[in-house]
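Below is one structure, written out as structure tokens; comments come after it.
The values are calculated or read from the model by the stated rules, or taken from the named source; none is laboratory data. Keep in mind that what you see is a predicted model, and the values were worked out from it rather than measured. All Cβ positions, glycine included, derive from the backbone under ideal geometry; neighbour counts span all protein chains shown.
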Amino acid sequence: AKVADPRRALGGLLGNAVRFRFPPGEPVLVLAAAEGLETVLSLLEVMPGMPAVAALTANHLAAFCPPAGCLRLYIAGDADAAGRQAIKRLSRR
């Protein structure tokens, strides 16, 4: 689209993510959280049944809040400084 700033999202992103493979409200015991859409889609190619989320940026991955009841969280960040920092911050929480 011909807009001044095409990289824009509506709504609150901090702590949230784009869901794949599980509807809202359903319990999720195991979850994969990734930095971007491409990473989630790649993961789902090799783990087609895995519920997953894309945080959309490294900062949003670091601030992601897993759903209540999640017992195991796999974190997939990009192999750059921002991705490594996001993995570290989310792992600590």
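Within the range 58-71, residues that are at positive phi reach partners that are at pLDDT below 95 and part of a loop (DSSP other than H, G, I, E, B) with beta carbons closer than 6 Å, at six or more positions or on different chains, in the pairs Gly69/Pro27. Of the residues Lys2, Lys88, the single one that is basic (Lys, Arg) and either modelled with pLDDT of 90 or more or part of a strand (DSSP E or B) (or both) is Lys88. For the range 16-47, the set of residues classified as modelled with pLDDT of 90 or more, within 20 Å of Asn59 (Cβ to Cβ) and part of a loop (DSSP other than H, G, I, E, B) consists of Glu35, Gly36, listed by residue number. Scanning the range 29-42 for residues that are closer than 16 Å to Leu73 by Cα and surrounded by fewer than 19 Cβ atoms within 10 Å (Cβ to Cβ), we see that the one that is nearest to the chain's Cα centre (by Cα) is Val30. Restricting attention to the range 18-28, the residues being within 9 Å of the chain's Cα centre (by Cα) and farther than 16 Å from Gly69 by Cβ number 1.
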